[in-house]
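In what follows, a single structure is set out as structure tokens and then discussed.
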Amino acid sequence: MAGLLLQLERALHHLSGAAHDESVGVEVVDDVSRHRAGDVVAQEQDKNSVRSGARILGDRGTSLWRTLQIWIMAYRESGVFSGKYFLTTNVQASGRIVGLLRNGVDGESVTETVAALRRAGAGGRSLPKDGPPTKVQVIVDDVLAEPDKVLGQLLSRIELVEDYDVKAARSEIANGFGIDPAVDRDQVLDALVGWFHSVLKDAWDEGRPAIVSRKASLTQCRKIERSLVRSRLLPRPASDLDVAPGDVARTRGRPFVDHLGRIETEDDEVLEAIEHFVRFNVEKDRLAREGEIPLREWTDRGNRLKQRWVQERRRVKLEHGSRTRVERGKLILAGTTYNHHEALLGQPCHELYMTSGHYHRLADDDLVWWDPDYQGTRDA
């Protein structure tokens, strides 16, 4: 399981650094592979260990030689090498061959690395003296059956990735996907990993090659970012915003409470209005302080609410002109504050206190009111 998880993390890492027209596959032609226009441009073998201090990829280790055999066998079938081969492990690798690969094989080091490979391969050929060769020796002999030129071409294309740490790699992956620094990087990556796993599983369930394009991963990344931005714009639930008795006592003397009194509003409704007013002010200040909502939006939103209040007053006057002043006032209050949820920066805002409280904030500034006969101290 740990090995498979390493493959998935590495596949996502490749996607973060892939070219715009590339795709990444898992268990398609290798543990991980990169594809472009139908061609395999890179392959990867992943070697994972959950044991502390484990030795991986030693000169006589099965993991090293089996990896080379897999790539040699693919070459025999196609007649061409991939442009790049990644040999990745989550621990520190060891051995003479690994040491040469660590520095990169090119130029004069190709001959030295091929020679080291042959020496390591010959080291176990005499053991055991009686009986068939060991399993690893069979693999070794198969690999070394290739001429030096072929072995050199393969070795020069190998990039060793040691001590791969998923958490440490997250910064590079985030940069590769161009994740907006204004959102939580880890939240985006966690969601992206979940989506990636789901896409791969669907492909395997349907018998399709598990290949994901760079374009698809970027599209999903942007969707996740937008979702997180929208969630940041959402006010907190009313249940998360306690209104203390002291807040209620301090607020009872405010002008918006006087407006409620003019239409003989019941005490429980006055208390609810006070709670909405307090909660709205807390969230408005928080969202403004954190820079999530521009100040202009609060002004525009207030104007939209005020315009809706004007229309509600006209409707009540037209439909209920024969009712008493108090009755008409209560209808205006109900039509504006009971059920309406005004959007915030173009996003749905379902917390009622954010609309009701905003109306009471406007009433506190004498910009709206409920008594239809009230003249106001400002131009309405």
Linear extension gain, Arg236 paired with Gln347, 0.36 nm per residue minus alpha-carbon span: 38.5 nm
1.4 Å probe accessible area per residue over the chain, in Å²: 51 Å²
For a quick check of your reading of the filter: which chymotrypsin sites (Phe, Trp or Tyr not before Pro) in the stretch 232-319 sit in a DSSP loop and have no more than 13 other Cβ atoms within 10 Å? none
Lysines within cross-link reach of Lys149: Cα-Cα under 19 Å, excluding same-chain residues under 8 positions apart? Lys84
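Express as a percent, rounded to the nearest 5, the fraction of DSSP beta bridges in the chain (both residues included) that run antiparallel.
Working: 14 of 25 bridges.
Among the beta bridges of the chain, antiparallel pairing accounts for roughly 55 percent.
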Mind ranking 207-220, 38-51, 85-98 by how tightly packed they are, going by the mean number of other C-beta atoms within 10 angstrom, highest first? 85-98, 38-51, 207-220
Can you classify the stretch 244-380 as rounded, prolate or oblate using the Cα gyration tensor, where a ≥ b ≥ c are the square roots of its eigenvalues, rounded means a/c under 1.5, and otherwise it's prolate if a/b beats b/c and oblate if not? oblate
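Quick one: which of Lys167/Lys223; Lys284/Lys306; Lys284/Lys330; Lys47/Lys215 span more than 21 angstrom between C-alpha atoms?
Values: Lys167/Lys223 23 Å; Lys284/Lys306 17 Å; Lys284/Lys330 26 Å; Lys47/Lys215 28 Å.
Where the Cα-Cα span goes over 21 Å, the pairs concerned are Lys167/Lys223; Lys284/Lys330; Lys47/Lys215.
Once the other residues with Cβ under 12 Å from the Cβ of Ser217 are scored (Lys, Arg +1; Asp, Glu -1), what is the net sum? Write down the numbers at each step before the final one.
Values: positive: Arg214, Lys215, Arg222, Lys223; negative: Glu22.
For residues surrounding Ser217, the net value is +3.
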In degrees from 0 to 90, rounded to the nearest 10, what is the angle of the helix 325-337 Cα long axis to the longest principal axis of the chain? 10 degrees
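Given a 1.4 angstrom probe, I'd like the percentage of the accessible area of the stretch 1-125 that is carbon and sulfur, rounded to a whole number.
Numbers: 2790 of 5580 Å².
Of the solvent-accessible surface of the stretch 1-125, carbon and sulfur hold 50 percent.
By the gyration tensor of its Cα atoms, with a ≥ b ≥ c the square roots of the eigenvalues, what is the shape of the stretch 161-243: rounded for a/c under 1.5, prolate for a/b over b/c, or oblate?
Details: a/c = 2.31, a/b = 1.61, b/c = 1.43.
Prolate is the answer for the stretch 161-243, as a/c is 1.5 or above and a/b outweighs b/c.
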Would you indicate which of (i) 111, 42, 37; (ii) 55, 49, 38; (iii) 79, 42, 39 is the value of Cα extents along the principal axes in Å derived from the coordinates of this structure? (i)
Please report the accessible area of Asp242 (heavy atoms, 1.4 Å probe, ligands and nucleic acids excluded) in Å², nearest 10. 140 Å²
Note to self, the chain gives a 222 nm [θ] from helices alone (DSSP H runs n ≥ 4, -39500 (n - 2.57) apiece, / all residues, nearest 500) of -18000 deg cm²/dmol
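Please compute the net charge surrounding Gly207, taking Lys and Arg as +1 and Asp and Glu as -1 over other residues with Cβ under 14 Å from its Cβ.
Working: positive: Lys201, Arg208; negative: Glu27, Asp202, Asp205, Glu206.
Around Gly207, the charge tally is -2.
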Which residues' amide hydrogens lie under 5 Å from the amide hydrogen of Leu344, considering only partners 5 or more residues apart or on another chain, with H built in the peptide plane? Cys349
For a test of the definition: using alpha carbon positions, the gyration tensor, and the 1.5 limit on a/c, classify the stretch 302-380 as rounded, prolate or oblate. prolate
Please list, in chain and number order, the residues 5+ apart from Val41 or on another chain whose amide H is under 5 Å from its amide H, with Hs placed from the backbone. Arg34, His35, Arg36
When only C-alpha pairs under 8 Å and at least 6 residues apart count, what is the relative contact order of the chain, in percent? 15 percent
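The values are calculated or read from the model by the stated rules, or taken from the named source; none is laboratory data. Being a predicted model, the structure only gives us computed values, none of them experimental. Backbone-built Cβ (ideal geometry, glycine too); neighbour counts: all protein chains shown. Side chains included, ligands, DNA and RNA excluded: accessible areas come from the protein's heavy atoms. Shrake-Rupley method; radii C 1.70, N 1.55, O 1.52, S 1.80 Å.
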